[in-house]
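> The following block contains the structure, expressed as structure tokens.
Rule-based calculations on the coordinates, nothing more; no lab input. Note that this is a predicted model, so its numbers are computed, not measured.
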Amino acid sequence: MTLFFSQRLQFSLKAGGRPILAEDKDQDRVLEAYREVEKALDWKGPQTRNEVSFLQNFYLQKNKPKKPYLSFQFVKDAETRPRLRRIRDEFQAWLSQDRAKKASIALDEFQTRFKDGINKLYSGWAS
């Protein structure tokens, strides 16, 4: 979850914002799929976005081009940093098999729609 939201933020910052796809309807489909991911990972109601922002910032500070921040490091950090530990524990308590499946499906759909939109954009350039 941390990696997904952080990579999305990092991509947006480096690319200068949301990617522009071939057609508005493609962008709308990708945005709709992204919102489904957000809903599927909403473990804390209105506070979820605040926690996601904290996790994004934490990840971006730790992740370096020649020294990527890996999941085992996050696990280790969550043991020594109270806020990370609290977020981890709350998320684990919230996460069920059904919720994990729903999040996985939403992430797959987002990836598929985004990939389809990018492929459509690039195939238009090749014509």
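> Stretched out fully, how many nm does the piece from ASN50 to ASP28 gain, at 0.36 nm a residue minus the Cα gap? Could the numbers behind the result be given before it?
Details: separation 22, 0.36 × 22 = 7.92 nm, distance 2.46 nm.
Contour length minus Cα-Cα distance gives 5.5 nm.
> Expressed in nm to one decimal, what extension gain is obtained for the pair ASP108 and LYS66 from 0.36 nm per residue of sequence separation less their Cα-Cα distance? Each step should come with its number before you reach the end.
On the way: separation 42, 0.36 × 42 = 15.12 nm, distance 2.82 nm.
This chain segment gains 12.3 nm when fully extended.
> Residue by residue through segment 108-113, what is 3J(HN,Hα) from phi via Karplus (6.51 cos²θ - 1.76 cosθ + 1.60, θ = phi - 60°)? Round to whole Hz and write x for glycine and proline.
Once rounded to whole Hz, the list reads 4, 5, 4, 4, 5, 5.
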